[in-house]
Amino acid sequence: MTFIKRSLLIGTLLFAGILLFAASRPDTFSVERSIEIKAPPEQIFPLINDLHNFPRWSPYDNIDPAMQRQFSGAARGKGAVYAWQGNNQVGSGRLEIVDATPYSRVVMKLDYIKPVVAHNLCEFTLQEAGGHTRLTWRMHGAVPFLSKVMSLFFSIDNVIGPQFELGLANLRRLTDK
């Protein structure tokens, strides 16, 4: 067997091995960050439940100052919709509040359109504890095969987690006593 044929065979086997390993990866992902805020849930909840407030604290809204935003549906709470279209870093997508329990939980359906198509859920939970609120931001969803392959080379937690930390810190800055 010539060197070229042997190299092609080894390359093909390595590529197949990577694809098989990727196929064995989990079918879902979850990224979660929490923060303690010196404010009651009643003060924090409106900043999350009213999507018009997102530009005040969302880390994604500051990436593209020229980003176009469109609000529709309910003014706040269940049925409120926030759509955006921006540069290559923020892409375009849609966020809709699908469930809201006053002062304790907001669930949003997040649909990315560009640069990749993805459909995830974001959950914000607020737990009061002795004059403080523990605020948790969690995103979870399905992992298609291509994303499984990409996850072999970078961690979604390392990509999204720091953005969640920044957003939570912005919420704390806006509401801490």
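The values are calculated or read from the model by the stated rules, or taken from the named source; none is laboratory data. Given the structure is predicted, the values throughout are model-derived calculations rather than measurements. A quick note on method: Cβ atoms are made from the backbone with ideal geometry, for glycine too, and the neighbour counts reach across all protein chains shown.
Here is how the numbers come out for the structure above:
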| item | result |
| --- | --- |
| Unique residue being under 30 Å from F154 (Cβ atoms) and either of a type in the set (G, A, S) or modelled with pLDDT of 95 or more (or both) when the list is A16, A39, A75, A80 | A16 |
| Subset of region 104-123 (residues that are modelled with pLDDT of 95 or more and over 13 Å from the mean Cα position of the chain (by Cα)) | S104, R105, V106 |
| Test: residue in region 39-48 that is at negative phi, outside any helix (DSSP H, G or I) and touching a residue at least 60 places away in the same chain (Cβ under 8 Å) | yes |
| Residue under evaluation G91, criteria (1) surrounded by fewer than 17 Cβ atoms within 10 Å (Cβ to Cβ); (2) under 30 Å from N158 (Cβ atoms), criterion not met | (1) |
| Some residue of region 21-35 being in a loop (DSSP other than H, G, I, E, B) and surrounded by 17 or more Cβ atoms within 10 Å (Cβ to Cβ) | no |
| Looking only at region 49-61, and only at residues there that are touching a helix residue (DSSP H, G or I) at 6+ places or on another chain (Cβ under 9 Å) and assigned to a helix (DSSP H, G or I), the one that is surrounded by the fewest Cβ atoms within 10 Å (Cβ to Cβ) | R56 |
| Hits in region 62-94 - residues which are in a strand (DSSP E or B), among the hydrophobic types (A, V, I, L, M, F, W, C) and closer than 15 Å to L110 by Cβ | A80, V81, A83, W84 |
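One line per residue, one yes/no per condition, for (1) closer than 29 Å to M150 by Cα; (2) among the charged types (D, E, K, R):
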site: T28; (1), (2): yes, no
site: R33; (1), (2): yes, yes
site: D61; (1), (2): yes, yes
site: A75; (1), (2): no, no
site: K78; (1), (2): no, yes
site: V106; (1), (2): no, no
site: H119; (1), (2): yes, no
